[in-house]
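The values are calculated or read from the model by the stated rules, or taken from the named source; none is laboratory data. The structure presented is a predicted model; accordingly, all values stated were derived computationally and were not measured. Note that we place each Cβ from the backbone using ideal geometry, even for glycine, and neighbour counts take in every protein chain shown.
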Amino acid sequence: MAVAKPLGVPSVIGLVWRFAAAGLIALGLVLLASVALSQSVGRDVALDEARRIARLTGVGIVEPALDAGILTGDPASLSSLNRTVVDAVLGGSLVRVKLWQPDGDGGTILYSDESRLIGEPHPWDDEKQAAIVSGDIVVEESDLSSPENRFEVSQSELLEVYLPIDGPDGAPLLYEAYFDLRRVNEAGRRVWTAFAPLVIGGLLVLQLVQVPLAWSMARRLRDGAVHRQQLLVRSLESSALERRRIAADLHDGVVQDLAGLSFELSAVASAEDPDRVRETAESAAATLRANVGALRTLLVDIYPPDLDGQGLASALEDLLARHRAAGRDVQLDADVQVPIPRPTAELVHRIAQEALRNVDKHAAAGRVVVTLTAVDDRLRLRVDDDGSGFDPTGDDGDAEGHFGLRLLADSARELGGLLTLSSGVGAGTAIELEVPL
């Protein structure tokens, strides 16, 4: 019974496609997370860069350019500061500058590169207040609806950076720098695009490396499923074969003998000749004893002996008892001093049992030799008989008996062993098993 494909197990290609699909989904999720994280990191880097530029321009350029005329609105001072701002501050993502003088809850614009704002008082929001009070750099997105930002409405999005600086009289002033938010975000995207090839390439390489591994694992899974189903089929076939043998043994042996005995006893039930009755009773007793022995042998076949307690050599000796009783010359050589694993011992016993059963049924042998040896960590069993033999390449052998040996050969391969059979017409038969310990 051949097994083409295990039931309920998809093909190797199907398993690999599932793995690849799951990997691509995971790759997409990781990629999305990487994009979000990289953009967030890029934005943080861009904001840090805006803070750095604000500090550099505010403390390093604007603050040294201030004089007392800025506080009074002197045109010459404002013009000088404006030239400094236009030449050295504005440019790139920095698009506007304002200089505030605190006044209560708000402040007055002392200077701006948009001159129409100079001198205007405006209330301050919490961010401006926090910057002037704490002395830290504070960043927020511009509210273009605020009156102070009415000349920036042409800009789509702006980022405001507040930095306290020292005025010409030592009092704190608030330096405000406006950055184009689009350029800030572009800087963040540049960070992402710098890392994107490495991230995407690494994930794709990882996926490609895993495909051969997935293929190998899928093949192992499929092969394991096939192997398990073959074992199941083999077990069912072996069980069916054993049931047929038991039925045949009972029908041809015990059942026939007991049926004949019942007829014989019925015939002498009313006999008056004591000698005839005695002879029949003695014959019946002998027949019953023989059949009891046959049933005991059958029990041994059905339920193997305790190989751990009894030992393999003793179990092989029990198998040979039937052949001794049949008058055959039987020899057992089983001098093995190394421990034998139980699966190996069970296999040796089953193969010896099958070989001796074939000898009993088909070989017409007068001599049987069973040899069990252990050499170089390998266990060898050999069963030789001098029976009629057969042509292993022909169809004249017992199909059922040879099928049983084929099943046992498969079992031997499961344990890394090899079962061989050699025979010839009129030359006897030799069955040899070699299996690692």
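In the stretch 132-161, the residues that are of a type in the set (A, V, I, L, M, F, W, C) form Cβ pairs under 9 Å with partners that are modelled with pLDDT of 90 or more and loosely packed, with under 12 Cβ neighbours inside 10 Å, at six or more places apart or across chains, as follows: PHE151/ARG116.
Return yes or no: is ARG96 on the phi < 0 side of the Ramachandran plot, surrounded by 14 or more Cβ atoms within 10 Å (Cβ to Cβ) and not in a helix (DSSP H, G or I)? Yes: the conditions hold for ARG96. Cβ-Cβ distances below 7 Å connect the following pairs, each with a first residue in the stretch 24-36 that is in the same structural domain as ILE200 (by TED's automatic domain parsing), a second residue that is surrounded by 12 or more Cβ atoms within 10 Å (Cβ to Cβ), and a separation of six or more residues or different chains: LEU27/LEU203; LEU27/GLN207; VAL30/LEU203; LEU31/ILE200; LEU31/LEU203; SER34/VAL199; VAL35/TRP192.
Would you check if ASP105 is farther than 28 Å from GLU141 by Cβ and out of contact with any Leu (no Cβ under 8 Å at 6 or more places or on another chain)? Spelling it out, it is not the case that ASP105 is farther than 28 Å from GLU141 by Cβ and out of contact with any Leu (no Cβ under 8 Å at 6 or more places or on another chain). Residues of the stretch 130-182 that are modelled with pLDDT of 90 or more, of a type outside the set (Gly, Ala, Ser) and assigned to a loop (DSSP other than H, G, I, E, B): ASP136, ILE137, PRO168, ASP169.
Applying the criterion of being crowded, with 18+ Cβ neighbours inside 10 Å and assigned to a loop (DSSP other than H, G, I, E, B) to the residues of the stretch 389-418, the residue that is modelled with the lowest pLDDT is GLY397.
Test ASP113 against the criterion of being over 30 Å from ALA214 (Cα atoms), touching a helix residue (DSSP H, G or I) at 6+ places or on another chain (Cβ under 8 Å) and among the acidic types (Asp, Glu), and give yes or no.
Details: over 30 Å from ALA214 (Cα atoms): yes; touching a helix residue (DSSP H, G or I) at 6+ places or on another chain (Cβ under 8 Å): yes; among the acidic types (Asp, Glu): yes.
Judged against the criteria, ASP113 is a match.
Would you check if LEU421 is more than 21 Å from GLN331 (Cα to Cα), out of contact with any His (no Cβ under 7 Å at 6 or more places or on another chain) and at pLDDT 80 or above? Here the answer is no, as LEU421 does not meet what is asked. Criterion applied to GLY311, GLY293, GLY327 was being modelled with pLDDT under 85, in the same structural domain as THR420 (by TED's automatic domain parsing) and closer than 28 Å to GLU264 by Cβ, and the one residue passing it is GLY327.
Can you say whether ASP386 is at pLDDT 80 or above and surrounded by 13 or more Cβ atoms within 10 Å (Cβ to Cβ), as far as the supplied structure shows? So that I can check it myself, show each step before the final result.
Details: at pLDDT 80 or above: yes; surrounded by 13 or more Cβ atoms within 10 Å (Cβ to Cβ): yes.
Criteria met by ASP386.
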